Amino acid sequence: MLSIDSIEKGVVIDHIKAGKAMQIYSYLNLDVLDCSVAVIKNAKSAKLGKKDIIKIEDRIDVDLNILGYMDPNITVNVIEGGMITSKLKLTLPDRLVNVIKCKNPRCVTSIEQEIAHVFKLSDKQQKVYRCVYCEQEQK
Amino acid sequence: MRHVIEPTDLTLEEQSELIAEASLIMRNPSRYAEVCRGKILASLFYEPSTRTRLSFESAMISLGGSVIGFASGDVSSAAKGESIADTIRVAGCYADICAIRHPKEGSALVASQFSTIPVINAGDGGHEHPTQTYTDILTINAVKGRLENMTVGLCGDLKFGRTVHSLIKTLSLHPGNKFLLASPEELAIPDYIKWILRDRGCEFEETRDLEGAIGKMDILYMTRVQKERFFNEEDYVRLKDSYILDMAKLEGAKPDLAILHPLPRVNEISVEVDKDPRAVYFYQAMCGKFVRMALIKKLLDL
């Protein structure tokens, strides 16, 4: 079995749906970090059968809010001194920037190429986001 | 620096001040004839407009300022593919304030994000049209003497009618207003507006029957079924005559009903209604100039 060293300090993003790790890697902009990042695909999981895991070493200040939108079943463990010091509770982020694209053909984002696609949370219960430009709903 | 992209960019208190100022200007316009001396308005109109563009330009000229700009995207660099972000940055080099109309929803917000001068949204597609709303509330306040505790009917194209969306958002902030929304099913009010009304605890009712609902209304806001908002002409032809206001329909209406229309009218209000004292839509067009004078003055801190 593949072995990845346990980390002294950092963040472990666990129970990622198998195959989704690279997408999360991209949304969290982990490519710009200069610390060690391990992406484990298709690890065995009692709960999911297969799962992906991401381990980020030395950094605990990564903005992980996006995970709440992508998959609320993901668990995030913060590691300090080789121990799990806290488990983060994922919530829906207030804003999504360049995560989803507005599908309204009348929206300015359909012609103005340089601007970010920004959505704000308008209904927590229904998990509804609206484009900040045209207010189109995106579930 | 302030921008006005949607009606709520001015607080209710600021809107009241704006209406008060516009009323003062209306009573004595010559007193304000030099207020904007040396200032320039960039009038960036990417799509056709009569009242909005002319009233903005007339407002700036009446304040002693000057106007530059274009009345169609075809004659600006937009025709060469220039972005809104670039156009507004350039406009900021030549003008002190800008009014922008563009067919895409959210275009004025984009402009404001890149602008070095105050941006006023003069209509962004089917989305927002704040100065029309300020015009509407100035008119309603002048005619009814209040902005609260009214039954407000809105009729016609409630789906794409940006004036309707902006007016509902604003009047729903005033206590005790109820809304009667009369439209064909295909042009019904969007869900996000209903969501706002529910969120603010406002009573509203959707109906297909204008005649049956007109008797309850204090305000009737008519809108045009706009050809340019349809993807195919068949739908437009089928729906354009759905809701026409004539003297027969007005028989059941209150004697102090106020009939507003953002204009242009096609045939949704029969010309015979123009003579009825309840028709205030041409007075409303006049109010548009004064409210824009007050807004330009406010955003330029003059």
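Would segment B:63-80 turn up any residue that is touching a residue at least 40 places away in the same chain (Cβ under 8 Å) and not aliphatic (A, V, I, L, M)? Working first, answer last.
Quick first cut of segment B:63-80, residues touching a residue at least 40 places away in the same chain (Cβ under 8 Å) only: B:63, B:65.
Still in the running and not aliphatic (A, V, I, L, M): B:65.
Yes, segment B:63-80 contains at least one residue that is touching a residue at least 40 places away in the same chain (Cβ under 8 Å) and not aliphatic (A, V, I, L, M).
If I ask for residues that are surrounded by fewer than 20 Cβ atoms within 10 Å (Cβ to Cβ) and among the hydrophobic types (A, V, I, L, M, F, W, C), which ones from segment B:1-50 would you list?
Listed by number, the residues that qualify are B:Met1, B:Leu12, B:Ala20, B:Leu24, B:Met26, B:Ala33, B:Val35, B:Ile40.
So the check is Cβ under 6 Å with 6+ separation or different chains; which pairs have a first residue in segment B:280-302 that's within 10 Å of B:Thr139 (Cα to Cα) and without any contact (Cβ under 8 Å) to a residue 60 or more places away in the chain and a second one that's open to solvent by less than 20 Å² (accessible area, probe 1.4 Å) and not charged (D, E, K, R)?
The qualifying pairs are B:Tyr281/B:Leu260; B:Tyr281/B:His261.
Within segment B:132-146, is there a residue that is touching a Pro at 6+ places or on another chain (Cβ under 9 Å), assigned to a loop (DSSP other than H, G, I, E, B) and at pLDDT 90 or above? Even if it seems obvious, please write down each step before you answer.
The initial filter retains those residues of segment B:132-146 that are touching a Pro at 6+ places or on another chain (Cβ under 9 Å), namely B:132-137.
Now narrow it down to the ones that are assigned to a loop (DSSP other than H, G, I, E, B): none.
For segment B:132-146, residues touching a Pro at 6+ places or on another chain (Cβ under 9 Å), assigned to a loop (DSSP other than H, G, I, E, B) and at pLDDT 90 or above: absent.
How do the strands (runs of 3 or more DSSP E) wholly within segment B:148-235 filter down when requiring 1 or more residues that are at pLDDT 95 or above and open to solvent by less than 10 Å² (accessible area, probe 1.4 Å): which remain? Let's see the steps before the verdict.
Values: elements: B:151-155, B:178-182, B:204-207, B:219-222.
Correct list: B:151-155, B:178-182, B:219-222.
Picking from A:Val12, A:Val32, which residue would you name as being free of Cβ contacts under 8 Å to residues at least 40 places away in the same chain and either out of contact with any Gly (no Cβ under 7 Å at 6 or more places or on another chain) or among the acidic types (Asp, Glu) (or both)? Step through it out loud before you land on a result.
Details: A:Val12 fails: free of Cβ contacts under 8 Å to residues at least 40 places away in the same chain.
The unique qualifying residue is A:Val32.
Any chance segment A:123-138 includes a residue that's aliphatic (A, V, I, L, M), open to solvent by less than 80 Å² (accessible area, probe 1.4 Å), within 16 Å of the chain's Cα centre (by Cα) and not assigned by TED's automatic domain parsing to the domain that holds A:Tyr27? Lay out the reasoning, then the answer.
We begin by selecting, within segment A:123-138, every residue aliphatic (A, V, I, L, M); these are A:128, A:132.
Subset that is open to solvent by less than 80 Å² (accessible area, probe 1.4 Å): A:128, A:132.
Next, from what is left, pick out any that are within 16 Å of the chain's Cα centre (by Cα): none.
Within segment A:123-138, none of the residues are aliphatic (A, V, I, L, M), open to solvent by less than 80 Å² (accessible area, probe 1.4 Å), within 16 Å of the chain's Cα centre (by Cα) and not assigned by TED's automatic domain parsing to the domain that holds A:Tyr27.
Determine which single condition B:Ala85 fails, assuming it passes every other condition in (1) open to solvent by less than 10 Å² (accessible area, probe 1.4 Å); (2) hydrophobic (A, V, I, L, M, F, W, C); (3) in contact with a strand residue (DSSP E or B) (Cβ under 8 Å, 6 or more places away or on another chain).
Every condition holds for B:Ala85 apart from (3).
Identify the residue in segment B:67-125 that is among the aliphatic types (A, V, I, L, M) and in contact with a Ser or Thr (Cβ under 6 Å, 6 or more places away or on another chain) and, among all such residues, is nearest to A:His117 (Cα to Cα). Reasoning before the result, please.
Start the filter on segment B:67-125 by keeping residues that are among the aliphatic types (A, V, I, L, M), which leaves B:67-68, B:71, B:75, B:78-79, B:84-85, B:88, B:90-91, B:95, B:97, B:99-100, B:108-111, B:117, B:119-120, B:122.
Add one more test, that the residue is in contact with a Ser or Thr (Cβ under 6 Å, 6 or more places away or on another chain), and what stays is B:67, B:84, B:88, B:99, B:119, B:122.
Values: B:Val67: 33, B:Ile84: 16, B:Ile88: 20, B:Ala99: 24, B:Val119: 21, B:Ala122: 23 Å.
This residue is B:Ile84.
If you take the residues of segment B:71-87 that are within 11 Å of chain A (Cβ to nearest Cβ) and of a type in the set (A, V, I, L, M), which of them is nearest to B:Thr163 (Cα to Cα)?
Result: B:Ile84.
Sort out which residues of segment B:93-129 are open to solvent by less than 10 Å² (accessible area, probe 1.4 Å), outside any loop (DSSP other than H, G, I, E, B) and within 14 Å of another protein chain (Cβ to nearest Cβ), and write them in order of number.
Within segment B:93-129, B:Ile100, B:Ser107, B:Ala108, B:Val110, B:Ala111, B:Val119, B:Asn121, B:Gly123, B:Asp124 qualify.
Inspect all residues belonging to segment A:14-34 and state whether any of them is assigned to a strand (DSSP E or B), within 16 Å of A:Thr75 (Cα to Cα) and of a type in the set (Val, Ile, Thr).
The first filter runs over segment A:14-34 and keeps only residues assigned to a strand (DSSP E or B), leaving A:14-17.
Still in the list and also within 16 Å of A:Thr75 (Cα to Cα): A:14-17.
In the following step, the residues that additionally are of a type in the set (Val, Ile, Thr) were identified as A:16.
Within segment A:14-34, one or more residues are assigned to a strand (DSSP E or B), within 16 Å of A:Thr75 (Cα to Cα) and of a type in the set (Val, Ile, Thr).
I want to confirm something. Restricting to segment A:70-112 and keeping residues that are without any contact (Cβ under 8 Å) to a residue 40 or more places away in the chain and part of a helix (DSSP H, G or I), which single residue is nearest to the other protein chains (Cβ to nearest Cβ)?
Once the filter is applied, the top-ranked residue is A:Val108.
Pairs, please: C-beta under 8 Å, at least 6 apart or cross-chain, first residue facing another protein chain (nearest Cβ under 10 Å) and part of a strand (DSSP E or B) and in segment A:119-131, second of a type in the set (Gly, Ala, Ser) and open to solvent by 10 Å² or more (accessible area, probe 1.4 Å)?
Short answer, once both residue conditions are applied: A:Val128/A:Ser122; A:Arg130/A:Ser122.
The values are calculated or read from the model by the stated rules, or taken from the named source; none is laboratory data. Quick caveat, the model's predicted, so the values are computed rather than measured. Methodologically, a virtual Cβ is constructed for each residue, glycine included, from the backbone with ideal geometry; neighbour enumeration extends over all protein chains shown. With ligands, DNA and RNA removed, areas are computed over all heavy atoms of the protein, side chains included. Shrake-Rupley method; radii C 1.70, N 1.55, O 1.52, S 1.80 Å.
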